[in-house]
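Undergrad: One structure follows; several queries about it will come next.
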Amino acid sequence: MTLILAHKHKNLQRLIIVTFSAIGLASCGNRPSELASDPQPGNNKPSALVADPQPRNSGRTFADWCRQKASLSPEAKHTVELLLKEAGTTECDAANQRLSSLTILLLDDNQISDIKPLESLTNLPWLSLKFNQISDIKPLQSLTKLTNLNLSDNKISDIKPLASLTNLKQLYLDNNPLSDIKPLESLTNLTELLLKQNLLSDIKPLESLTNLSLLHLSNNQISDIKPLESLTNLTWILIDNNQISDIKPLKSLTNLIYLNLGDNQINNIKPLESLTNLTGIDLDNNQISDIKPLESLTNLTSLGLSDNQISGIKPLKSLTNLTWLDLENNQISGIKPLESLTKLTSLGLSGNPIAPKTCPLKPESICNWKPLN
């Protein structure tokens with residue numbers, strides 16, 4: 001399906017349309033669709049992390065959990081009751097039969113903390129548990145048929161149990177207290193990986209995930225992105241709000257169509273000049289003064305350059321496909337080179353020493369002299 005992302009960054013709203021599918025950048029309420037691409041074969045390298053290649057559960061069926069409900073902890077009992085509701089019956093054997101044939105299980109935002117009753121659902125390919133209170137994910141290690149797993153917005157710090165889930169194609173772990181992602185090394189079939197808003201500084205374990213097409217690493221503590229240079233199938237990468245200054249490893253990622261590097265410490269963007277398939281880039285809030293490397297990126301439709309140290313904008317005149325351009329809060333005094341950008345619908349110019357304030361485009365309302373909302 002088509003996913004529309006309304007991307008608001010540094011007072012500039014950009015509408016970016018991209019086609020993917022999966023269980024959820026935005027919501028898992030939709031059935032298998034929201035973010036996925038056709039998977040490419042993984043290389044299935046063995047990993048020392050997978051100590052038990054055939055993880056075993058406790059041997060209990062869901063019917064067992066159901067019959068023992070009265071003696072369970074309140075947290076486990078709550079999970080059993082949610083599963084009974086999903087099955088549409090309170091009869092334990094009937095519920096067991098229905099749950100064992102499920103292809104999608106969505107348990108988002110249900111105050112779940114104990115997921116042990118899920119360990120018997122070994123045929124399940126799609127599982128979403130986002131917006132819960134889960135810290136222990138060991139019960140998931142037996143769910144080896146999972147291809148799509150959403151664990152975003154929980155309290156997970158140890159992801160070792162995921163190392164056995166080598167069939168995963170989409171994995172979402174946004175907003176957890178994760179610092180160690182070494183267990184992900186074995187998940188070479190992944191095409192989409194979301195790790196936004198964690199505590200990551202070392203991303204070396206990602207270098208083996210060469211089938212990735214989408215990677216989200218925003219809001220972490222990353223400075224070294226060298227491990228990304230091997231991920232040449234990437235089409236989308238978001239690594240804004242980190243501590244990145246050297247972007248040379250990105251020059252090999254020539255399949256990229258969207259790149260977010262906002263809120264970093266970048267001053268040299270020459271490595272970007274080879275990324276000619278890009279249609280959208282965010283470079284807001286960096287230390288950029290020379291934008292000549294951008295002149296070859298003629299497929300760009302969206303470009304964010306606000307809050308930098310830019311004075312000369314001649315290289316932008318070749319970017320005639322631009323529809324969104326944010327140049328707010330720079331050192332720009334003349335904007336005549338922009339007159340060739342006839343497809344622009346919004347141009348952010350506030351916070352620059354431009355005089356006179358004459359828009360080189362028609363209609364003149366395209367030029368925004370006040371901060372964009």
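Undergrad: List pairs: first residue in region 348-373 and over 11 Å from LEU327 (Cβ atoms), second residue among the aromatic types (Phe, Trp, Tyr) anywhere in the structure, Cβ distance under 6 angstrom, at least six positions apart or on different chains.
TA: LYS357/TRP369
Undergrad: Just to confirm my filter: which strands (runs of 3 or more DSSP E) fall fully inside region 256-373 and include at least 3 residues that are of a type outside the set (Ser, Thr, Tyr) and modelled with pLDDT of 95 or more?
TA: 280-282, 324-326
Undergrad: When you go through LEU300, LEU316, LEU322 one by one, which is the residue that is crowded, with 18+ Cβ neighbours inside 10 Å, touching a Lys or Arg at 6+ places or on another chain (Cβ under 8 Å), within 26 Å of ASP263 (Cβ to Cβ) and not acidic (Asp, Glu)?
TA: One residue alone meets the criteria, LEU322.
Undergrad: Next question. Would you mind finding the one in LEU199, LEU259, LEU206 that is touching a residue at least 12 places away in the same chain (Cβ under 8 Å), closer than 23 Å to LEU168 by Cβ and crowded, with 21+ Cβ neighbours inside 10 Å?
TA: LEU206
Undergrad: Which members of region 87-117 meet the condition of being in contact (Cβ under 8 Å) with a residue 24 or more places away in the chain and in a helix (DSSP H, G or I)?
TA: Answer for region 87-117, where residues must be in contact (Cβ under 8 Å) with a residue 24 or more places away in the chain and in a helix (DSSP H, G or I): CYS92, ASP93, ALA95, ASN96, LEU99, SER100, LYS116, PRO117.
Undergrad: For region 145-192, give me each residue that is among the polar types (S, T, N, Q) and within 21 Å of THR103 (Cα to Cα).
TA: THR147, ASN148, ASN150, SER152, SER164, THR166, ASN167, GLN170, ASN189, THR191
Undergrad: Continuing with this model, one more query. On the given criteria, is SER120 of a type outside the set (A, V, I, L, M), buried (at least 22 other Cβ atoms within 10 Å of the Cβ), within 26 Å of ASN189 (Cα to Cα) and in contact (Cβ under 8 Å) with a residue 12 or more places away in the chain?
TA: Spelling it out, SER120 is indeed of a type outside the set (A, V, I, L, M), buried (at least 22 other Cβ atoms within 10 Å of the Cβ), within 26 Å of ASN189 (Cα to Cα) and in contact (Cβ under 8 Å) with a residue 12 or more places away in the chain.
Undergrad: Of the residues that sit in region 135-165 and are outside any loop (DSSP other than H, G, I, E, B) and under 19 Å from the mean Cα position of the chain (by Cα), which one is nearest to ASN219 (Cα to Cα)?
TA: Across region 135-165, the extreme among qualifying residues is ASN150.
Undergrad: Checking the conditions here, which among LEU168, LEU200 is touching a helix residue (DSSP H, G or I) at 6+ places or on another chain (Cβ under 8 Å) and either at negative phi or in a loop (DSSP other than H, G, I, E, B) (or both)?
TA: Unique residue meeting the criteria: LEU168.
To keep it simple, each residue is scored yes or no on (1) surrounded by fewer than 18 Cβ atoms within 10 Å (Cβ to Cβ); (2) over 30 Å from the mean Cα position of the chain (by Cα).
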{"site": "LEU82", "(1), (2)": "yes, no"}
{"site": "CYS92", "(1), (2)": "no, yes"}
{"site": "LEU102", "(1), (2)": "yes, no"}
{"site": "LEU105", "(1), (2)": "no, no"}
{"site": "GLN133", "(1), (2)": "yes, no"}
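Undergrad: Still on this model: How many residues does region 166-177 contain that are over 15 Å from the mean Cα position of the chain (by Cα) and among the hydrophobic types (A, V, I, L, M, F, W, C)?
TA: The number of residues fulfilling the criteria is 1.
Undergrad: Next question. Taking ASN175 as the residue in question, decide whether it is of a type outside the set (A, V, I, L, M, F, W, C), closer than 18 Å to LEU217 by Cα and in a loop (DSSP other than H, G, I, E, B).
TA: The answer is yes for ASN175.
Undergrad: Moving to a separate point now. Which condition number does PRO249 fail, the rest of (1) assigned to a helix (DSSP H, G or I); (2) closer than 25 Å to LEU146 by Cα; (3) of a type outside the set (Lys, Arg) being met?
TA: (2)
Undergrad: For region 71-80, enumerate the residues that are surrounded by fewer than 16 Cβ atoms within 10 Å (Cβ to Cβ) and either outside any helix (DSSP H, G or I) or in contact with a helix residue (DSSP H, G or I) (Cβ under 8 Å, 6 or more places away or on another chain) (or both).
TA: Hit for region 71-80 is SER73, nothing else.
Undergrad: Search region 166-190 for residues that are basic (Lys, Arg) and modelled with pLDDT of 95 or more and pair each with any residue that is assigned to a loop (DSSP other than H, G, I, E, B) and surrounded by fewer than 19 Cβ atoms within 10 Å (Cβ to Cβ) when their beta-carbon atoms are under 7 Å apart and the residues are at least 6 apart or on different chains.
TA: Listed by first residue and then by second, the contacts come to LYS169/PRO39; LYS182/LEU49.
Undergrad: Please state which of the following conditions THR358 fails to meet, knowing it meets all the rest: (1) surrounded by 20 or more Cβ atoms within 10 Å (Cβ to Cβ); (2) more than 23 Å from GLY280 (Cβ to Cβ).
TA: Tallying (1) surrounded by 20 or more Cβ atoms within 10 Å (Cβ to Cβ); (2) more than 23 Å from GLY280 (Cβ to Cβ), THR358 fails exactly one: (1).
The values are calculated or read from the model by the stated rules, or taken from the named source; none is laboratory data. Keep in mind that this is a model prediction, so the values were computed, not measured. We place every Cβ from the backbone using ideal geometry, glycine too, and count neighbours over all the protein chains shown.
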